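Student: Please find one structure pasted underneath; my questions will follow.
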Amino acid sequence: MESEAYHAALAALDWQVALGANEAIGDLPVDRYDLPDKAPAATVKAARPAQAAPAAAPRAAPAGPDPVDAARKAAAAAQDLPALRAAMEAFEHCDLKRGARQLVFSDGQPGARVMIIGEAPGRDEDREGRPFVGRAGQLLDRMLAAIGMARAGEGVPVYITNVLPWRPPQNRDPKPEEIVMMLPFLERHVELAAPEVIVLMGNISCQACLGKRGITRLRGQWAEAFGRPALPMFHPAYLLRTPGAKREAWADLLSLKARLEAGT
Ligand code: URA
């Protein structure tokens with residue numbers, strides 16, 4: 001249990017660093033010119049809420065590998081997509097695995113010029129073992145078909161995966177520590193699939209791949225993820241709930257098409 005808390009704290013810290021945090025600051029400002037030489041314990045506590053009380057004795061780090069480090073090593077060792085899939089199947093550190101029916105790795109054409117990164121499998125994907133096969137996935141297929149793309153059959157091929165390969169319980173949002181833990185696999189996935197451009201579907205995907213949220217602001221603006229051009233778009237599940245946003249989604253699809261036609 002202690003080991004779990006330690007790794008969760010470490011993953012949360014990794015996440016902050018990935019988001020660009022490079023300083024540890026407290027919630028409350030401290031005027032250090034105004035501090036008495038020896039501050040009473042209560043004042044220090046209020047001014048530095050993020051710091052733990054000094055421990056009576058130094059604690060040893062818990063035994064067992066750091067899951068993020070383990071993910072990095074397992075991902076780096078995979079030399080092709082089947083090996084990466086096998087490495088993810090064998091990865092035991094993410095609790096989501098225990099609540100899911102199966103790993104959802106990818107769909108579409110490996111080696112396609114476009115790689116789409118969604119959030120996480122839902123109920124249908126968990127059942128079928130393929131990403132984007134439910135209602136949102138069907139809308140995604142129609143969106144792709146509208147610009148002559150397809151994950152299978154006729155059309156410019158695309159390759160599809162998710163930030164997380166296992167369904168979160170009750171389709172809850174992925175936790176930061178789950179994203180950080182699985183990020184090395186996603187990064188390697190992109191490397192091995194080697195797309196020319198990436199499409200980031202929704203906030204979770206932007207958070208994981210760009211370190212930013214705010215899809216309404218980010219969508220349609222080409223950015224860079226894993227060293228490749230990346231286009232944030234509204235998630236198809238959002239478009240199902242908010243049909244009025246399809247106008248922006250259409251503009252983004254056209255931007256994707258134009259970028260590919262221009263040779264990226
Ligand atoms: N939503 C996603 O982000 N991914 C899926 O695979 C299904 C729904």
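Where a number appears in this text, it was derived from the coordinates with a stated rule and is not lab data. None of these values were measured; they are calculated from a predicted model. Ideal geometry is used to build each Cβ from the backbone, glycine not excepted, and the neighbour counts take in all protein chains shown.
Student: What's the number of the only condition in (1) touching a residue at least 60 places away in the same chain (Cβ under 8 Å); (2) in a loop (DSSP other than H, G, I, E, B); (3) more than 12 Å from the ligand (Cβ to nearest atom) that Val190 fails to meet?
Tutor: If we test Val190 against (1) touching a residue at least 60 places away in the same chain (Cβ under 8 Å); (2) in a loop (DSSP other than H, G, I, E, B); (3) more than 12 Å from the ligand (Cβ to nearest atom), just (2) comes out false.
Student: Okay, next question. I'm trying to understand the selection: among the residues of the stretch 86-112, which are of a type in the set (D, E, K, R) and either in contact with a Cys (Cβ under 7 Å, 6 or more places away or on another chain) or surrounded by 18 or more Cβ atoms within 10 Å (Cβ to Cβ) (or both)?
Tutor: Across the stretch 86-112, the qualifying residue is only Asp107.
Yes or no, residue by residue, for (1) surrounded by 16 or more Cβ atoms within 10 Å (Cβ to Cβ); (2) touching a residue at least 12 places away in the same chain (Cβ under 8 Å):
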site: Trp222; (1), (2): no, yes
site: Phe234; (1), (2): yes, yes
site: Ala237; (1), (2): yes, yes
site: Gly244; (1), (2): no, no
site: Arg247; (1), (2): no, no
site: Trp250; (1), (2): no, yes
site: Leu254; (1), (2): no, yes
site: Leu260; (1), (2): yes, yes
site: Gly263; (1), (2): no, no
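Student: Considering each of Gly148, Gly137, Gly111 in turn, give the residue that is closer than 14 Å to Pro236 by Cβ and in contact (Cβ under 8 Å) with a residue 40 or more places away in the chain.
Tutor: Of Gly148, Gly137, Gly111, the one residue that is closer than 14 Å to Pro236 by Cβ and in contact (Cβ under 8 Å) with a residue 40 or more places away in the chain is Gly137.
Student: Out of all the residues in the stretch 223-264, which are aromatic (Phe, Trp, Tyr), more than 16 Å from the ligand (Cβ to nearest atom) and assigned to a helix (DSSP H, G or I)?
Tutor: Selection gives Trp250 alone.
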